[in-house]
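Right, one structure below, let's go through it.
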Amino acid sequence: MGALTLADLTAASIYGDVSDTESRARLSLGQLDDAERLARSVGDIAEKVLAKRPGDLRAMKDRFLSPDVLGRVAEAREDYAGAEASHRKSLEAARTYTLFNPADADGWLSLSVSSNQIGQAMMDQGQVSAALRQWRATTEMEKDPRNVTGSGGNIYYSWRNIAANEAALGHMDEANEALAGLHRAAAKFMKVEGTDEAFGKVSAIWEDLYRLDLLAATGDFEAIHNQAVDLDDRLRKIDPKNALTRNVKTDALRQDHTWLIEAALHTGRSEEAVAAAKTFLDHPPFPTTMEKATADALTARMKTKYGEALIGSGQRAQARGPLEEAIAYYRSRQAKGASETRFRQDFGAALYQMARAQEDDEMGSVHRRALLDEAQSVLGGLSQEAQQFRTSRELIESVTKARGSPG
């Protein structure tokens, strides 16, 4: 009863915690207005409690949890600059908390999460170099002498982001260095958390999956295909003993199947790609913790791959169905202001594949040209830095070549 009136400051802080949990649940369901309202109430209560009791550690936690959710809401609304601004507030609140209570792992975890989110918001805006610098700044937290607990889980993802993007830019030395950092972070996380043997096996497979980025950068999709088949076999032999390992395994299967389909497409195994993509869409390998927005984006991306595979197997008419669904998804996001880097790459790919799926008649030629023109416009909106990614370069070259080819 005394929470909202601040008659009981401890109760007020606890109420903020409960509201934060509820706001995240609403966010995962796509209920953005409710998530925002609850997150703002968490921040308001935290500030009021701290005004009366400046050393309240629970309220200080609430002060960085609130803008964290607000930043995620902004991301869902395609407001990348707004997301960055909110995550910067969360970062500063987390930094303040670690000054007061450096022994609490939650503070360092929140600090690394916020820093990584800032990097992602920068990448969304096409600020590739800035994003890489931000993720490298996250990794430096591990060296802070006050950080006796570490935050291996999110430092791991910092190295992952660096490795994937440096590989996509063709910077192989930097990518390999990041993979070495990722290995160190994984080992530290498992030691601190006391994970079981099954988790360790899945973690090792994830490291192998990340190395496929480097093979893709060199164009060795035959090797990717062979390794993806082997990794699938290894994953299926692992028997998770808890929900964490089960979700991590499921997500590894998703990533591995994505690589298998990509490699099949690049090596002319069209029928295999068709079957694998259809299985993915019929039985999505998504962990239970995956947010709806993420699942929707991955599903649309796979529909494009399914369409591409059908085209490769000579089924252009059948390809138009999944491609139309993917394009409808991207248009709905575009109407809400979507313009981030991965969105442009994915939308451009769907438009290009739909152009390939058109019939060889006059009407098909008209539709093909319109789709290619739109793809060129979407990809042209990428920043100059983002256009240097392998996926961006290949798409832009394909669209340009197609637009220059009569018929």
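The values are calculated or read from the model by the stated rules, or taken from the named source; none is laboratory data. From a predicted model like this one, the values you see are computed outputs, not experimental measurements. Using ideal geometry, Cβ is built from the backbone for each residue, glycine included, and neighbour counts are taken over all protein chains shown. Side chains are part of the model used for accessible areas, which takes the heavy atoms of the whole protein and leaves out ligands, DNA and RNA. Shrake-Rupley method; radii C 1.70, N 1.55, O 1.52, S 1.80 Å.
So which of 305/336; 89/143; 201/241; 191/237; 249/305 end up more than 18 Å apart, counting from Cα to Cα? Pairs exceeding the cut-off: 305/336; 89/143; 191/237; 249/305.
Angle of helix 362-380 to the longest C-alpha principal axis of the chain, folded into 0 to 90 degrees and rounded to 10: 30°. For region 250-407, the per residue solvent-accessible surface stands at 47 Å², with DNA, RNA and ligands left out and a 1.4 Å probe.
Surface listing: 171, 283 arranged by accessible area from highest to lowest gives 283, 171, probe 1.4 Å. Within the accessible area of the chain, the carbon and sulfur atoms contribute 52%, probe 1.4 Å, all protein chains present. At a probe radius of 1.4 angstrom, the accessible area of region 183-223 per residue rounds to 49 square angstrom.
Rank these by accessible area, largest first, 1.4 Å probe: 89, 201.
89, 201
I'd like to compare 310-318, 132-140: which one has the highest average count of other Cβ atoms within 10 Å, and what's the full order after that?
Details: 310-318: 17.1, 132-140: 19.4.
Sorting 310-318, 132-140 by mean packing, highest first, produces 132-140, 310-318.
Counting charges near residue 30 (Lys, Arg +1; Asp, Glu -1) among other residues having Cβ under 13 Å from its Cβ returns a value of +1. Listed peptides 294-302, 260-268 appear in the order 260-268, 294-302 once ranked by packing, highest mean of other Cβ atoms within 10 Å at the front.
Placing dummy labels 7 Å off each Cα toward the beta-carbon, the span from residue 288 to residue 383 is 3.9 nm.
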